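Okay, so here's the structure we're looking at.
The values are calculated or read from the model by the stated rules, or taken from the named source; none is laboratory data. Owing to the predicted nature of the structure, the values given are computational and were not obtained by experimental measurement. As a convention, Cβ positions derive from the backbone with ideal geometry for all residues, glycine included, and neighbour counts pool all protein chains shown.
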Amino acid sequence: MSNIVARRIEAFLEGEKLSYEAEVRSGNRQRLWRSDFRPQIDDIYNKLGGQLTGGITEIEVPAYPIVFEGKVIVGNDELAYNRYAAVCLRAPFYSDIEGLNVEAFLRYCRQFEVGCKKVGLIAGVWSNPVSNKHFGEASDPGDFFGNGSSGWKMLAFQHLLRDMLAKLDGYEVLHFSIYDQIMSGGKLLTVGELMKSPSGEHYASFVKYLRRRLGLPAVAAEKPV
């Protein structure tokens, strides 16, 4: 399922008439469980409190949000940043992923978990039958003194699996964050802030940022759409 960051990137690609695919499912899912990543997968699953190691291969690996020129592009919103995502980000796998600034993302997990709470306490997100099966019955929404959120654990774990599978499929994995900062109008604004107040100047700054991250040539001038 796409989020606001991914949708904004898609809108840019469409506006530039650049070919891409959305919600691409890999046909190599079973390859993941037999890969050299398996020890890391089992380790992170256990660190998250996983209870069904023998059933780990039943977990759904999410689709690739956007595939563009050999890259899997991931847009990360508020739900991507919490204590469980930080556990996954510490997997050795991410030390080799140039398209994700691990230190910045770990900082976002520490600073902005409150943002995850604002959108992630609802039924189906905080917990659901599948996440409870794997990570135990969740505590009451917002309570981290007990078992915490099984749903957040599952989402963070699935994001790790998706990134690993993309790497196995030969893609470069490129992450964008709602908390990434861009200089616009003489001050630093987050991607989220730019998307809430897209003035002409802010739009141009956002497009410049996208072009740089996507490896596209810069243009002389950008116009808002």
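Structure notes:
- Test for ALA204: is it surrounded by fewer than 16 Cβ atoms within 10 Å (Cβ to Cβ), modelled with pLDDT under 90 and among the aliphatic types (A, V, I, L, M): no
- Taking first residues from the range 96-109 that are free of Cβ contacts under 8 Å to residues at least 40 places away in the same chain and partners that are polar (S, T, N, Q), the Cβ contacts under 8 Å between residues at least 6 apart in sequence or on separate chains come to VAL102/SER95; CYS109/ASN82.
- In the range 177-201, the residue that is modelled with the highest pLDDT out of those that are out of contact with any helix residue (DSSP H, G or I) (no Cβ under 9 Å at 6 or more places or on another chain) and under 20 Å from LEU79 (Cβ atoms) is THR190.
- Selection from the range 143-160 of residues that are part of a loop (DSSP other than H, G, I, E, B) and either touching a residue at least 24 places away in the same chain (Cβ under 8 Å) or within 17 Å of the chain's Cα centre (by Cα) (or both): PHE144, ASN147, GLY148, SER149
- First in the range 3-27 and surrounded by 12 or more Cβ atoms within 10 Å (Cβ to Cβ), second anywhere and modelled with pLDDT under 90 and not in a strand (DSSP E or B), Cβ under 6 Å, 6 or more apart: ARG8/MET195
- Verdict on LEU174 being at pLDDT 95 or above and outside any helix (DSSP H, G or I): yes
- Residues located in the range 132-145, provided they are over 21 Å from THR53 (Cα atoms) and among the small types (Gly, Ala, Ser): SER139, GLY142
- Note on the range 103-142: among residues that are of a type in the set (Phe, Trp, Tyr), part of a helix (DSSP H, G or I) and touching a helix residue (DSSP H, G or I) at 6+ places or on another chain (Cβ under 6 Å), the one that is surrounded by the most Cβ atoms within 10 Å (Cβ to Cβ) is PHE135.
- Any hit, the range 24-43, residues being outside any loop (DSSP other than H, G, I, E, B) and within 30 Å of ARG212 (Cα to Cα): yes
- Failed item, numbered, when ASP163 is tested on (1) acidic (Asp, Glu); (2) outside any helix (DSSP H, G or I); (3) crowded, with 21+ Cβ neighbours inside 10 Å: (2)
- Filter result for GLY55 (farther than 20 Å from ALA80 by Cβ, among the small types (Gly, Ala, Ser) and touching a His at 6+ places or on another chain (Cβ under 8 Å)): yes
- Filter pass, GLU113 being among the acidic types (Asp, Glu), over 17 Å from LEU13 (Cα atoms) and touching a residue at least 60 places away in the same chain (Cβ under 8 Å): no
- Within the range 28-68, restricting attention to residues that are over 15 Å from ASP163 (Cβ atoms) and of a type in the set (S, T, N, Q), the residue that is surrounded by the fewest Cβ atoms within 10 Å (Cβ to Cβ) is GLN30.
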